[in-house]
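A.B. asks: Got a structure for you, written out below as structure tokens; questions coming shortly.
What follows is calculated from the coordinates using simple rules that are stated; it is not laboratory data. Here the structure is a predicted model, which means the values were calculated and not measured. All Cβ positions, even for glycine, are placed from backbone atoms using ideal geometry, and neighbour counts span all protein chains on display.
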There are 2 protein chains.
Amino acid sequence: MTATPSREDCAARDRRDPLARFRDAFVLPDGVIYLDGNSLGALPASAAARIHEAVTRDWGQGLIRSWNAAGWIDLPAKLGAKIAPLIGAAPDEVIVADSTSVNLFKLLVAALRLRPERRVILMEARDFPTNLYIGQGVAALMGDGYTCRIVPGEEIDAALDKSVAVLALTHVNFKTGAVHDMARLTQHAHEVGALTIWDLCHTVGAMPVDLTGARADFALGCTYKYLNGGPGAPAFVYVPKHMQATFHQPLTGWMGHADPFSFVDDYAPAAGIKRALSGTPGVLSMVALDAALDVWADVDLGVLRNKSVALGDLFIALVEARCAGHGFALASPRDGTRRGSQVSFQHAQGYAIMQALIARGVIGDFRAPDIVRFGFAPLYTRYVDVWQAAEVLFDIMETRAWDTPQFKARAAVT
Amino acid sequence: MTATPSREDCAARDRRDPLARFRDAFVLPDGVIYLDGNSLGALPASAAARIHEAVTRDWGQGLIRSWNAAGWIDLPAKLGAKIAPLIGAAPDEVIVADSTSVNLFKLLVAALRLRPERRVILMEARDFPTNLYIGQGVAALMGDGYTCRIVPGEEIDAALDKSVAVLALTHVNFKTGAVHDMARLTQHAHEVGALTIWDLCHTVGAMPVDLTGARADFALGCTYKYLNGGPGAPAFVYVPKHMQATFHQPLTGWMGHADPFSFVDDYAPAAGIKRALSGTPGVLSMVALDAALDVWADVDLGVLRNKSVALGDLFIALVEARCAGHGFALASPRDGTRRGSQVSFQHAQGYAIMQALIARGVIGDFRAPDIVRFGFAPLYTRYVDVWQAAEVLFDIMETRAWDTPQFKARAAVT
């Protein structure tokens, strides 16, 4: 049996890490090992000043003039173009707007309209809940025999039949980090005449993805996880150029109009990706995202992915070596190529253990009913952080530090 | 004929103005008379520090913990409760989320579900375009004979028949400032069995409104005009308590779930107003709005309304006296009780005239095809500002300062 890496081994890996310099692009609190960038990414160092400038100069002094002068009106398309290279899309195929939930609604309805003779939305059980809820909501709204068919991951292929209008999947599962084979499933969907929607919430900024190469029909994702856009930052929508002319989403607000400032009474969709827009964009949240996306301009996603897999492999090795016998069962794929940038373990006392970790400055999260989840954001997570987190977990298990009423009492929100 | 007020008369009114002290609650640029708070409200003086704190302390240092520790998760309900007293609602009848466009979509679908045997959405021609577009989008989505019937304002009563499921009107028209009689139209709608949705975008923060007294079924509005929530600040939704149990909106995202952090696969709506939520809230935009709403805690809306009417009356009197013969036609109700907090004039050269005004530091806006629009935000607009704006307008007309190629060339966005 190989010895597990030492802290010094990890520090040496950090010194060789080609991404190490990006850590300075983020503000990170002292005394914290932050392994929850897959829930809320860290604050980009440039963001506070950018937001302050937008507030005091553009809003305070520019006032209404800033819609043009400060480029607010262009932010949805500008930010979309910055996200595009991270997901294998062209700049005019991505736009930023609304939330993941709202955008999934748009895409599902648009997809159903392209397959009017079909009645099934196919989704995966234990996908992120809002996806399933929106799928159910769309089916209920459409009525007329529409259903949201939710099946376990291993039954997706079998469920892909000619009744399926659209297969809507999250590429990387939020709980386990398991990665779907986007190209293969898209091809299978196309073989039976179904469209695909790919949710990239746990993908974008965690690994390269090639929507164009996979021939994905639609995609979307949030920007507040690995992209570090800030709490509740707006989401993005991908509609490839060849689908844009026939893309008709139902939230036909004025920002998606062909000529929004003509103030005419009848809706006519904008020509390209802008037809995915609805209402007035949330400027302050978009400014934060704008700063966050600038960090990505010179990130090599292949290098990022290699580090991500290495961090996850290291954590699994350390936890399984140090915490053997403490009841952890790996809930993520062991094979790094099939795993997103997170590692999850099942543990009956997962909630209390995570509270104890957080109290010790190791921040991951808990996902009901029994998953402790650790995310690795390769731009700012170091190998020594992973090593230290495993050490703290070991100590908590050895000392049963989790076994207190304070840590075992579930908060309403986690 | 009474002489029009002098600058000194106006300064004297400002000295007597009980709202004068609120001007210090806002940042306003030097050399500018800002008469566009009905499009984007001014920056509250407290907002920049609050946002900076949210960014650097809550996001930067608190990270994911701030969803609980900084109360981010409670912002939609907390902000709704702050808006409630401004619109005659109870605190748990209002919630902040998404955009006006998205919220109107939710309300329209929810209303149609409550009148399943009816097929007509009734709206007003030349309402704000996004409202009409969303109405058209909902009708198209529902199919099955649903239509969005759009009639001129004077034909609304005649069009209210038993085919109408929901009457959706903007209380104060964005172009003219004309105010609908909410109580009367709601009663008429109810008499024919229709529901009502009131858009309060140009109402809230401009005048008192009593949704409860008017028995309005639903309402919504934006927060970036008279409420000063910031560019693209999120919108609010009103669902009265007696309607909440049967309120079923289609954008069934996780934040509207009865137990969002249980991560179960099936949607179940939250018990109260929270079921109007969809996706993850945009925290930074909500923090700005939170600061903006604090200003309203001790504003007397009756006093506000009186000043609003007086400012509008003054502007009409001054422009009609000083600019007589220059081709302006009042496009707003002359009767202040039937007018929102804005005054609009039609003028064939309206676009160029507004550009010339803006170049001289008097910021109103232009609304195609021929409306120049001046908004009066009583918390920070002074009587002397109104006087000065009319003087500058007079000078521009007398000198034909608007008649340059630069001002006549229409920008793509205004």
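A.B. asks: Shortest first and in nm to one decimal, what separations exist between A:LYS408 and its copies in the other chains, measuring from label points 7 Å along the Cα-to-beta-carbon line?
C.D. replies: Nearest to farthest, the other copies are at 8.2 nm.
A.B. asks: Under the 0.36 nm per residue contour assumption, what length would be gained going from the current alpha-carbon distance of B:ALA297 and B:ARG16 to full extension?
C.D. replies: Details: separation 281, 0.36 × 281 = 101.16 nm, distance 2.13 nm.
Result for the pair: 99.0 nm of gain on full extension.
A.B. asks: Report the FRET efficiency, 1/(1 + (r/R0)^6), for A:ASP265 and A:GLU320, where r is their Cβ-Cβ distance and R0 is 56 Å, rounded to 0.05.
C.D. replies: Details: r = 64 Å, r/R0 = 1.15.
E(calc), rounded to 0.05, equals 0.30.
A.B. asks: Then there is this: Assuming R0 = 25 Å, what is the FRET efficiency of A:THR147 and A:HIS188, from their Cβ-Cβ distance, to the nearest 0.05? Mind dumping the intermediate values first?
C.D. replies: Numbers: r = 20 Å, r/R0 = 0.79.
Step by step, r from the Cβ atoms, then E = 0.80.
A.B. asks: Debye calculation, C-alpha points only, no solvent: report log10 I(q)/I(0) for chain B at q = 0.06, 0.07, 0.08, 0.10 Å⁻¹, in the same order as the q values.
C.D. replies: -0.26, -0.35, -0.46, -0.71
A.B. asks: Can you pull the semi-axes for the protein assembly as shown, root of five times each eigenvalue of the Cα gyration tensor, sorted largest first, whole Å? Numbers along the way, then the final one.
C.D. replies: Details: eigenvalues 466, 178, 117 Å².
Ellipsoid semi-axes (Å, largest first): 48, 30, 24.
A.B. asks: Report, in debye and to the nearest 20, how large the dipole of the protein assembly as shown comes out about its Cα centre when Lys and Arg carry +1 and Asp and Glu carry -1 on their Cβ.
C.D. replies: Working: 78 positive and 86 negative charges, 5 e Å.
So the dipole magnitude of the protein assembly as shown works out to roughly 20 debye.
A.B. asks: Which percent, nearest 5, of DSSP beta bridges in the protein assembly as shown are antiparallel?
C.D. replies: On the way: 44 of 80 bridges.
Here the share of antiparallel DSSP bridges comes out near 55 percent.
A.B. asks: Separate question: Determine the gain in length on full extension of the stretch A:GLU8-A:ASP24; use 0.36 nm per residue of separation and subtract their C-alpha separation, reporting nm with one decimal.
C.D. replies: 3.6 nm
A.B. asks: While we're looking at this one, here's another question. Name the trypsin sites (Lys or Arg not before Pro) in region B:294-394 that are in a loop by DSSP and that have at most 12 other C-beta atoms within 10 Å, would you? Don't jump to the answer; show the numbers that get you there.
C.D. replies: Values: sites: B:ARG305, B:LYS307, B:ARG322, B:ARG334, B:ARG338, B:ARG339, B:ARG360, B:ARG367, B:ARG373, B:ARG382; in loops: B:ARG334, B:ARG360, B:ARG382.
Those that pass, being in a loop and sparsely packed, are B:ARG334.
A.B. asks: Please work out the Cα center distance from region A:77-115 to region A:1-55, rounded to the nearest Å.
C.D. replies: Taking the Cα centre of each part, region A:77-115 and region A:1-55 sit 28 Å apart.
A.B. asks: Enumerate the helices in chain B for which the Kyte-Doolittle hydropathy averages 1.0 or more and the C-alpha atoms extend at least 18 Å along the helix's axis, using complete DSSP H runs. Show your work: numbers first, answer last.
C.D. replies: Details: long enough: B:100-114 (21 Å, 1.36); B:129-142 (20 Å, 0.74); B:301-322 (31 Å, 0.88); B:383-398 (23 Å, 0.59).
Qualifying helices, which must be both long enough and hydrophobic enough, are B:100-114.
A.B. asks: On to the next question. What's the magnitude of the charge dipole for chain A around its Cα centre, counting Lys and Arg as +1 and Asp and Glu as -1 at the beta-carbon? Answer in Debye, nearest 20.
C.D. replies: Numbers: 39 positive and 43 negative charges, 27 e Å.
So the magnitude is around 140 debye.
A.B. asks: Using +1 at the Cβ of each Lys and Arg and -1 at the Cβ of each Asp and Glu in region A:49-298, identify which of A:HIS257, A:THR246, A:HIS190 lies farthest towards the dipole's positive end.
C.D. replies: Checked the options; the winner is A:HIS257.
A.B. asks: Follow-up question, since we're still on this one. Sorted from shortest, what are the nm distances separating the label point of B:GLY213 from equivalent points in the other copies, each placed 7 Å from Cα along Cα to C-beta?
C.D. replies: Copy-to-copy label distances at B:GLY213, shortest first: 6.6 nm.
A.B. asks: R0 = 41 Å: FRET efficiency of B:ARG334 with A:ALA258, Cβ-based, nearest 0.05?
C.D. replies: Efficiency computed from Cβ-Cβ geometry: 0.70.
A.B. asks: Would you mind calculating the relative contact order of region A:49-298 from Cα pairs under 8 angstrom and at least 6 residues apart, reporting the percent as a whole number? Write down the numbers at each step before the final one.
C.D. replies: Details: 485 pairs, mean separation 57.1, N = 250.
The normalised contact order for region A:49-298 reaches 23 percent.
A.B. asks: Then there's this: Starting from a label point 7 Å past Cα on the Cβ side, list the distances from B:HIS242 to the same position in the other copies, nm, shortest first.
C.D. replies: When each copy's label point is compared with this one, the spacings are 5.7 nm.
A.B. asks: Right, next: State which entries of A:LYS225/B:LYS241; A:LYS175/A:LYS274; A:LYS408/B:LYS241; A:LYS106/A:LYS162 exceed 25 angstrom in Cα-Cα distance in the structure shown.
C.D. replies: Numbers: A:LYS225/B:LYS241 36 Å; A:LYS175/A:LYS274 33 Å; A:LYS408/B:LYS241 36 Å; A:LYS106/A:LYS162 22 Å.
The answer is A:LYS225/B:LYS241; A:LYS175/A:LYS274; A:LYS408/B:LYS241.
A.B. asks: Report, for region A:49-298, the % of DSSP beta bridges that are antiparallel, rounded to 5. Walk me through the numbers on the way to the answer.
C.D. replies: Values: 9 of 25 bridges.
Roughly 35 percent of the DSSP beta bridges within region A:49-298 come out antiparallel.
A.B. asks: While we're here: If you average the alpha carbon positions of region B:349-406 and of region B:259-304, how far apart do those two centres end up, in angstrom?
C.D. replies: 36
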